[in-house]
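The values are calculated or read from the model by the stated rules, or taken from the named source; none is laboratory data. The shown structure was predicted, so the numbers you read here are calculated from the model rather than taken from an experiment. Quick reminder, even Gly has a Cβ in these numbers, built from the backbone with ideal geometry, and neighbours come from all protein chains shown.
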Amino acid sequence: MTVSTFRKNNSVNAVTIPLSKVSLVMPCHLKAVENGDKVSTLLNEPMVIVHKVKSKGEETYNLIMGYRDYITAKNNEQDTVKAILVTSKTRASFNRKLCSTVETVDTSTLYPPDHWTAPNEEKVKACINAYNETGSFGKKVIVSPKGKILDGYAAVCAAKVLKVEKIKAHIIPENFFYQKKKEIKKCA
């Protein structure tokens, strides 16, 4: 799932929090402030993604995602900002949770990237055997929102050989997958 999809799906659960209680703790946000990065496109209705922290009876919020929204709210001199509360304490753990979303996809809509070669026959056979024994292909399938196979090509080929029309797959934006490949494969 993408961050924008997550925001859209969870905007109804957003709460209003004091902007003064939001802290920048993620290295990427701190570096942006340190470098004096400017936010070029301001937003009409900023909404941040935060983790609530309770310390000594006081609630504060660590900014997980939404640096541009945070800066927009500050520039607009807002006292409050809409926030989606998450249990993830870091940006990395939030991204792992996003990428662990599994959806059922139609195998006929899936396709390999142009540069890929034919799948390894042994891997396809192993996936077919695993499916016949357990009902699962024994391999994680990761695809882009448009259906490009990012990982698990042998499992998709096995599904097509077995005429399995729908399989479970992790839906992850292609550019995000290639940037965070090791981390995503662990959580998928």
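Key figures for this structure:
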read-out: Count of residues meeting criterion [at pLDDT 70 or above, β-branched (Val, Ile, Thr) and surrounded by 15 or more Cβ atoms within 10 Å (Cβ to Cβ)] in the stretch 32-52; value: 3
read-out: Within the stretch 98-110, considering residues that are loosely packed, with under 15 Cβ neighbours inside 10 Å and modelled with pLDDT of 80 or more, the one nearest to Lys148 (Cα to Cα); value: Thr109
read-out: Extreme residue, modelled with the highest pLDDT, among residues of the stretch 129-145 that are touching a helix residue (DSSP H, G or I) at 6+ places or on another chain (Cβ under 7 Å) and not aliphatic (A, V, I, L, M); value: Tyr131
read-out: Of all residues in the stretch 59-97 being aliphatic (A, V, I, L, M) and outside any helix (DSSP H, G or I), the one that is surrounded by the fewest Cβ atoms within 10 Å (Cβ to Cβ); value: Leu85
read-out: Single match in Ala155, Ala118, Ala159, Ala126 (criterion: at pLDDT 90 or above, more than 30 Å from Met26 (Cβ to Cβ), among the aliphatic types (A, V, I, L, M) and over 27 Å from the mean Cα position of the chain (by Cα)); value: Ala126
read-out: Candidate set from the stretch 3-31 (those that are β-branched (Val, Ile, Thr) and either assigned to a loop (DSSP other than H, G, I, E, B) or in contact (Cβ under 8 Å) with a residue 40 or more places away in the chain (or both)); member that is surrounded by the most Cβ atoms within 10 Å (Cβ to Cβ); value: Val22
read-out: Residue in the stretch 107-117 that is without any contact (Cβ under 8 Å) to a residue 40 or more places away in the chain and either basic (Lys, Arg) or in the same structural domain as Ile17 (by TED's automatic domain parsing) (or both) present; value: no
read-out: Near pairs, Cβ below 8 angstrom, 6+ apart or cross-chain, from the stretch 132-156 (on the phi > 0 side of the Ramachandran plot) to any residue that is acidic (Asp, Glu) and surrounded by 16 or more Cβ atoms within 10 Å (Cβ to Cβ); value: none
read-out: Any hit, the stretch 73-90, residues being out of contact with any Phe, Trp or Tyr (no Cβ under 8 Å at 6 or more places or on another chain), closer than 19 Å to Ala155 by Cα and modelled with pLDDT under 85; value: no
